[in-house]
1. Can you tell me how many residues in segment 123-144 are surrounded by 14 or more Cβ atoms within 10 Å (Cβ to Cβ) and of a type outside the set (S, T, N, Q)?
2. How many of the residues making up segment 78-122 are closer than 16 Å to residue 61 by Cα, small (Gly, Ala, Ser) and in contact with a helix residue (DSSP H, G or I) (Cβ under 9 Å, 6 or more places away or on another chain)?
3. Which of the residues belonging to segment 119-157 are in contact (Cβ under 8 Å) with a residue 60 or more places away in the chain, assigned to a helix (DSSP H, G or I), farther than 12 Å from residue 14 by Cβ and among the small types (Gly, Ala, Ser)?
4. So which of 91, 77 ends up being basic (Lys, Arg), more than 21 Å from residue 22 (Cα to Cα) and either in contact with a Ser or Thr (Cβ under 8 Å, 6 or more places away or on another chain) or surrounded by fewer than 18 Cβ atoms within 10 Å (Cβ to Cβ) (or both)?
5. What are the residues in segment 1-26 that are in a helix (DSSP H, G or I), of a type in the set (D, E, K, R) and either surrounded by fewer than 15 Cβ atoms within 10 Å (Cβ to Cβ) or touching a Lys or Arg at 6+ places or on another chain (Cβ under 7 Å) (or both), if any?
6. Could you list, in sequence order, the residues of segment 38-94 that are among the charged types (D, E, K, R) and either in a helix (DSSP H, G or I) or touching a residue at least 24 places away in the same chain (Cβ under 8 Å) (or both)?
7. Residue 120 passes all but one of (1) surrounded by 14 or more Cβ atoms within 10 Å (Cβ to Cβ); (2) in contact with a strand residue (DSSP E or B) (Cβ under 8 Å, 6 or more places away or on another chain); which number fails?
8. So which residues in segment 105-117 are assigned to a helix (DSSP H, G or I) and either loosely packed, with under 14 Cβ neighbours inside 10 Å or among the polar types (S, T, N, Q) (or both)?
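The values are calculated or read from the model by the stated rules, or taken from the named source; none is laboratory data. Nothing here was measured: the structure is a model prediction, and the numbers come from that model. Cβ sites come from the backbone with ideal geometry, for glycine too, and all protein chains shown count toward neighbours.
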Amino acid sequence: MNSREAIKLSLDMGNMVGLAYLEDMTDDELMQRPDPGCNHINWQIGHLVAAEHQIIEGVSPGSMPALPDGFAERYGKETGTSDDAAAFDSKETLLSVFQQQRAATLAALEKQTDESLDAESPEPMRAYAPNVGAAFSMQGSHWLMHAGQWAVLRRKMGRVPLF
C-alpha cells in the first residue's frame, strides 16, 4: 500500500460513516442541533463541503470544481446560528455538491507523489495540516468528527446505532 492508498482509506471511512448517518434523515431533521450550542447538521454538511473545497484547492490549485454561487457564504461561521431552513440548501443539493467535490479530491490525490504529499501546506493551514498529505487525510477525519454529533442526534431521535 502506498501513501495515496492509505489516505484514500481514511477518506472512504469518513464517507461511509457520514453518509450512513445521513441516509435516512430528512431535510427537517438536518435542521436540528445535537445540542443548543452546536450547529445544525445541514450547516455542518455545508461546512464540510466548503472546507474540503478550500483546503484541497489550497494544496492543489485548480483541482476543485467551483462551488455553487453563494455556497461558501451560506455555510460560513456567521450563518451557523441561523435556524432559517430557507437560507440553506436541501439535503439533495448538499450531497450532490459533496459528491462533486469528493470526486475532485480523489482525482487530485491520485496525481500526488510521495514527495508532493510531504510538501508543506500553505501557511494558513499549517496549524491543522502541516503538509499536503495531512490536508488530504483530514478530509475523512473531519467527516468522522462531525458524524459523532450526528450519532448523538440520531439517538435522541430514537434511531438505533448504526456502528
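1. Residues flagged as surrounded by 14 or more Cβ atoms within 10 Å (Cβ to Cβ) and of a type outside the set (S, T, N, Q) within segment 123-144 amount to 12.
2. Number satisfying all stated conditions: 5.
3. Scanning segment 119-157 gives 133, 135, 151.
4. Going through 91, 77 in turn, just one is basic (Lys, Arg), more than 21 Å from residue 22 (Cα to Cα) and either in contact with a Ser or Thr (Cβ under 8 Å, 6 or more places away or on another chain) or surrounded by fewer than 18 Cβ atoms within 10 Å (Cβ to Cβ) (or both): 77.
5. The answer is 5, 12.
6. First pass over segment 38-94, keeping only residues among the charged types (D, E, K, R): 52, 57, 69, 73-74, 77-78, 83-84, 89, 91-92.
If the condition is that a residue be among the charged types (D, E, K, R) and either in a helix (DSSP H, G or I) or touching a residue at least 24 places away in the same chain (Cβ under 8 Å) (or both), then 52, 57, 73, 74, 77, 78, 83, 89, 91, 92 are the ones that fit.
7. Residue 120 satisfies every listed condition except (1).
8. Of everything in segment 105-117, those that are assigned to a helix (DSSP H, G or I) and either loosely packed, with under 14 Cβ neighbours inside 10 Å or among the polar types (S, T, N, Q) (or both) turn out to be 105, 107, 110, 114, 115, 116.
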